[in-house]
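The values are calculated or read from the model by the stated rules, or taken from the named source; none is laboratory data. Remember, it's a predicted structure, so these values are computed and weren't measured experimentally. Cβ atoms come from the backbone with ideal geometry, glycine included; neighbour counts cover every protein chain shown.
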Amino acid sequence: MIDGCKQHTLYTWTKGEGLDPIPVARAEGVYFYTPDGQKILDFNSQLMCVNIGHGHPKVIEAMKKQLDELIFVYPGTATAVRARTAKLLAEIVPGNINTFFFTLSGAEANENAIKMARDFTGRQKILSRFRSYHGATNATMQLTGDPRRWGSEPGGPGFIRVMDPRPYDYSFGDTEEEQTANNLKYLEEVIMYEGPHTIAAMFVETVTGTNGVQPPPKGYLKGLKELLTKYGILLVCDEVMAGFGRTGKMFAFEHYDIVPDILTMAKGLTSAYAPLGAVGLSDPIAAFYEKNVFLGGLTYNSHCVCLAAAEAAIHVVLGEGLVEHAAKMQHVMRGEMDRLQARHVSFKEGRAIGLFGMIDLRKNSAGDAMAPYNGSHPAMGQLGKFFRDNGLFTFVRWGSFMCNPPLTITEEQLREGFAIIDRGLEITDAAFEG
């Protein structure tokens, strides 16, 4: 299995030399299994996407039913499953976001959101933040601030990146209120320099994902929306990772008393049972397209089987109380992080909102990260191997690792994962420099 995949397929974000993919035979609930029977706790929901757990029978049944009914027609048609899924999204997304454009991924959703923002405003420039990831297509790589964008540069014109309220090695203040006030003051100055009349939108991950699982500081998103509205700039919230219950709300922006102008989503939309993304448009932008042509679309947009998976997955999230369960499990995850911090000298900081979590490790008492920005450390590689050998799957990145299990995880299973982490941190404790 491994040899065949390595010989004839190209893997994402890695070189072929030394590649050692995990062989997977099946998956169920919060676990997946290798062909030789090793049981692995999925502590990252694969790519923060299998929100309802693996192999949920209700979604599988809905997809089978759709296969018997209608598999594919081109996206210029009307289908029952498209009507039902769009209506369901209009019911669960707060505020005036009632119209949806279906795509095949989160990156494609963000690509189309760029077009829509430019169409609606008649402006070209797009703001985004350095501590961000918005997808691997050409335009979304220009939105992205982290080092994954470097291979796609130089990109198209008009993309402006700014610092986050919590950058890596700079502080906008000691308190959340100071961080918010100072960052927004800085951002308004950037807007002045760029010319507000030239800026169409600002894209933000409502909760920063792979670059830290960083919830925004107090008042930030509300202040940001007010600032952007002042200059006629749209706010686009990328909830590809944070949406569909991950943060203990159906959508993360519900924590912060705002509604964006455009909402992008994927991953938890179908719980990754099929590829689907969507752009949610507020009523004024949707009305614009009643009289203006949207110049976008791909062959498989609004694919019937993918929409059936989304409809069923959303009903599972709602019907099984997974949003509320994620909020409840936040306290368990937070308690486990606090316990580990008290036990391990290499533990720097843990963050959790719902079941969206990350742990940062340090190499000395000054608080320097175990691995530098876009760098590595031998202990982090050893830690990742320990997790894999001991039946825990998650992503180890730079000096941090992620804690994003399916929303169906029980308290016992969550503690099972942290027990493995507890043992593994002895490796990074041994690398602590004092």
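Laid out as a table, the results:
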{"quantity": "Selected residue (only one of ALA287, ALA278 is part of a helix (DSSP H, G or I) and either outside the structural domain of LEU89 (by TED's automatic domain parsing) or not aromatic (Phe, Trp, Tyr) (or both))", "calculated": "ALA287"}
{"quantity": "Conditions (1) assigned by TED's automatic domain parsing to the domain that holds SER400; (2) of a type in the set (Phe, Trp, Tyr); (3) farther than 27 Å from ARG148 by Cα; number of the one not met by TYR11", "calculated": "(3)"}
{"quantity": "Failed item in (1) at negative phi; (2) free of Cβ contacts under 8 Å to residues at least 60 places away in the same chain; (3) surrounded by fewer than 19 Cβ atoms within 10 Å (Cβ to Cβ), with ASP119 passing the rest", "calculated": "(2)"}
{"quantity": "Which numbered condition ASP164 misses (of (1) within 25 Å of ALA107 (Cβ to Cβ); (2) among the acidic types (Asp, Glu); (3) surrounded by fewer than 22 Cβ atoms within 10 Å (Cβ to Cβ))", "calculated": "(3)"}
{"quantity": "The one condition in (1) of a type outside the set (A, V, I, L, M); (2) over 20 Å from ARG397 (Cβ atoms); (3) out of contact with any helix residue (DSSP H, G or I) (no Cβ under 9 Å at 6 or more places or on another chain); (4) crowded, with 17+ Cβ neighbours inside 10 Å that ASN183 fails to fulfil", "calculated": "(3)"}
{"quantity": "Count of residues meeting criterion [β-branched (Val, Ile, Thr) and either in contact with a strand residue (DSSP E or B) (Cβ under 6 Å, 6 or more places away or on another chain) or part of a loop (DSSP other than H, G, I, E, B) (or both)] in segment 47-92", "calculated": "6"}
{"quantity": "Out of ASP146, ASP169, ASP164, sole residue that is over 25 Å from LEU47 (Cβ atoms) and either within 17 Å of the chain's Cα centre (by Cα) or assigned by TED's automatic domain parsing to the domain that holds GLY209 (or both)", "calculated": "ASP169"}
{"quantity": "Condition met for GLY95 (surrounded by 13 or more Cβ atoms within 10 Å (Cβ to Cβ), within 25 Å of the chain's Cα centre (by Cα) and either of a type in the set (Phe, Trp, Tyr) or within 19 Å of GLN413 (Cβ to Cβ) (or both))", "calculated": "no"}
{"quantity": "Some residue of segment 80-90 being farther than 24 Å from ALA308 by Cα and not hydroxyl-bearing (Ser, Thr, Tyr)", "calculated": "no"}
{"quantity": "Every residue from segment 182-194 that is touching a residue at least 24 places away in the same chain (Cβ under 8 Å) and not polar (S, T, N, Q)", "calculated": "LEU184, TYR186, LEU187, GLU188, VAL190, ILE191, GLU194"}
